[in-house]
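Bear in mind these aren't lab numbers, they're just calculated from the coordinates by the rules spelled out. Worth saying up front: this structure is predicted, and the values here are computed from it rather than measured. Backbone-built Cβ (ideal geometry, glycine too); neighbour counts: all protein chains shown.
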Amino acid sequence: MTASLRAVTKRFGDQLAVDAVTLAIAPGEFFSLLGPSGCGKTTTLRILAGFEAPDEGSVFLNGVEITARPAHRREIGMVFQNYALFPHLSVFENVAFPLRLRRTRPEEIRQRVAQALEMVRLPGLAGRMPAQLSGGQQQRVALARALVFRPSVVLLDEPLGALDLKLRKAMQLELKTLQREIGLTFVYVTHDQEEALTMSDRIAVMDRGSVLQVADPRTIYERPTSRFVADFIGVSNFLSGRVREAGAKAVIELDGGGVVWAERPAGVTTGQTVTVALRPERLRLERAPAEAIPGPEGGWNALPGVIRELVYTGSDTQYFVELGPSGTVMVRGPNDAPPDLRPRRGDSVWVRWEVGSTAILTA
Amino acid sequence: MRERTWPLPTYYFTLLALLYLPLVILLVFAFNSGTILVFPLKGLTLRWFHQLFATEALMRSLRNSLLVAAGSSVVATVLATCGAIAFVRFRFKGKGLFITVALLPLYVPFVVLGVSLLLLFSTLGIPRSLLTIGAAHSVVALPYALLIVTARLVGFDPHLEEAAMSLGANYAHTLRRVILPLIAPAIVAAWLTAFTVSFDEFAIANLLVGREPTLPVYLYSQLRMTTRLPLVVAMAALVMVGTLSIFVALVWLRRVLARTPVSAAARA
């Protein structure tokens, strides 16, 4: 493990900022800490950087405990949200800063700074002052400065937060590519779930100081283990019910009637109260009668309902379908149907989805 | 509405006249060849300036003032810079009390301060000299310097220090390579201000003066002799020109400060 936290707890006054967080970050991994503001992700990052001392627990870097080691001796690079470039130093001197501290020879400094600026695609600007650069360029300089001394881990605290949407999207891809090419370990803090899904190898979702789930983006999105994760990442429909059978597949009887099949997560037992989470884009609308729709044996769930509302969003249409007393779900459907076949408000329909697209939440 | 705008310019120019007329008159009389300060002028002359530089006691008091101002302003600026960094960056007990006490000399009348220092020095058996004046001036100039340096540090992005540390700089390195360079213009501004505060100061110096007078004390003593008056006027004119150049330097420094923000905040 490149970097790890073991049962790290941090309080500010009587507020619990980080609550017994244990994480292990693998070498070369793009690891994201994702959560709403105030969830403790930035504090966790600052504990790794050495800017905050944990009240309990330990911090490890390359297998060595560094809990008490001051920030300047940790060899961890950091990119701040506001970039924190030294305004009195040129781009070159900003990037050369860590090398000068390490008494690197002048010709090697020149060479490595040039290399770092090349890496972040910013050659030719070495003589500029930070105030003369655009936000995106400042961001690249900050990154070059954090990479140039070859730290074992680079921490990034919402580094794209101050950029406009288009630039942010472009930088996401670029950052990810750069990270993979140089094989560095990145620990990335963000509150933007899409950003985390796009860039990360693994994501730790945090809420109120605790880590709720650590997994790769696909698992986080498709197999959330808690209602918070399912709700925070993307859009989910929630239906509550009780487990009737807990075999290889779980059979859930919804509170409002109707039966749903799902892959059974470990630990789910008969009689347990659960929440079924469904992604709107995995649901389909069918007008066919019940007998025409394949059932759970065919790998499909289907529930009857009535379209109560529909919202045209351009790329698709959101249908709000009332499934009797079980609740209302949002279904995202394409806009490619001919005018006379488009679903309308008040239509009776079947909502159909694959058994494999059903997530069961116990928390 | 248009014709009602005249009171404002009138007010403005009256204010300017009140502020600067005395200074203009001072400059004019510095070149007056007569010894009595009345219009019309008798003629123009540089005699007083020649005489000025030939008067040894006056030159000596000027040297004394420069020494005291240089010494006390350096002491005040160093203390103020340390104090400002401590005040802005660190949490410690009695912080509120610290700043109140440090700024107190701003509110205590100089005469009161002078008398109390006089008492203190005589109680301690310290003879009055340029050193006692210098010590007093360090105290008096400290709050000005402290306010100037603190103002610069308050806007200082704490991430800059953290960035330096993450890059491998210990606190001494961070101080030397990041904090001090960024607040250097404020330190110079504080030093210049402290210098003028000391250079001008009369009340305390007059009470604490030993055998060596500072310039204001010497000039005041010369006012008793009417023949010396033109000399005093010429000296005052010179001091004014000196002070004005310091003022210009301060204005320039403020523009430098405004141009280099202490945080290269995102402009996106």
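Convex hull volume per residue, computed on the Cα atoms of the protein assembly as shown, equals 280 Å³.
Put a dot 7 Å past the Cα of A:ALA290, heading toward its Cβ, do the same for B:LEU250, and the two dots end up 8.9 nm apart. Listed from fewest to most Cβ neighbours within 10 Å, the set B:THR196, B:THR226 follows the order B:THR226, B:THR196. Rounded if a/c is under 1.5, else prolate if a/b beats b/c, else oblate: with a ≥ b ≥ c from the C-alpha gyration tensor eigenvalues square-rooted, which is the range B:1-113? Oblate. Give me the percent of DSSP beta bridges within the protein assembly as shown that run antiparallel, rounded to the nearest 5. Beta bridges within the protein assembly as shown, antiparallel portion: roughly 75 percent.
Summary of the geometry: the range A:103-145 and the range A:160-194, compared by the centres of their Cα atoms, lie 18 Å apart. With K and R counted +1 and D and E -1, the other residues having a Cβ less than 11 Å from that of A:PRO294 yield a net charge of -3. Going by neighbour counts of Cβ atoms within 10 Å, the residues A:ARG46, A:ARG105 line up, fewest first, as A:ARG105, A:ARG46. Each Lys or Arg adds one and each Asp or Glu takes one away; over the other residues whose Cβ falls under 12 Å from the Cβ of A:LEU310, this sums to +2. Taking other residues whose beta carbon is less than 12 angstrom from the beta carbon of A:SER58, and scoring Lys, Arg as +1 and Asp, Glu as -1, yields -1.
Placing R0 at 51 angstrom, the Cβ-Cβ distance between A:ASP164 and B:LEU67 gives a FRET efficiency of 0.30 after rounding to 0.05.
With a Förster radius of 30 Å applied to the beta-carbon distance between A:ARG308 and A:GLU194, the computed FRET efficiency rounds to 0.60. If a spin label sat at a point 7 angstrom from the Cα of B:MET59 along the line to its beta carbon, the backbone N atoms of the range B:231-249 nearer than 18 Å would be those of B:231-232, B:234-236, B:238-239. Given their separation in residues at 0.36 nm each and the Cα-Cα distance between them, B:VAL111 and B:ALA86 gain 6.0 nm when the chain is fully extended. Rounded to the nearest 20, the Cβ-based charge dipole of the protein assembly as shown about its Cα centre (Lys and Arg +1, Asp and Glu -1) stands at 2520 debye. Take every pair of alpha-carbon atoms less than 8 Å apart whose residues are at least six positions apart; their mean separation over the length of the range B:55-266 yields a relative contact order of 34 percent. Taking the fewest neighbouring Cβ atoms within 10 Å as the starting point, the ordered list for B:CYS82, A:CYS39 is B:CYS82, A:CYS39.
When the Cα gyration tensor is reduced to axis lengths a ≥ b ≥ c, the ratio a/c is 1.5 or higher for chain B, and with a/b not above b/c it is classed as oblate.
The GNM of chain B, with springs linking C-alpha atoms under 10 angstrom apart, assigns the highest mean-square fluctuation among B:SER166, B:SER73, B:SER122 to B:SER166. Approximating the spin labels as points 7 Å out from Cα along Cα→Cβ, the B:ARG176-to-A:GLU281 distance works out to 5.5 nm. Under a Gaussian network description of chain A, with springs only between Cα atoms under 10 Å, the residue in A:ARG279, A:ARG342, A:ARG112 that fluctuates furthest is A:ARG342.
Label separation (B:MET225 vs A:ARG218): 10.1 nm, computed from points 7 Å beyond Cα along the C-beta direction.
The stretch between B:VAL78 and B:THR14, if pulled fully straight at 0.36 nm per residue, gains 19.0 nm over its current Cα-Cα span. The DSSP beta bridges internal to chain A are antiparallel in roughly 75% of cases.
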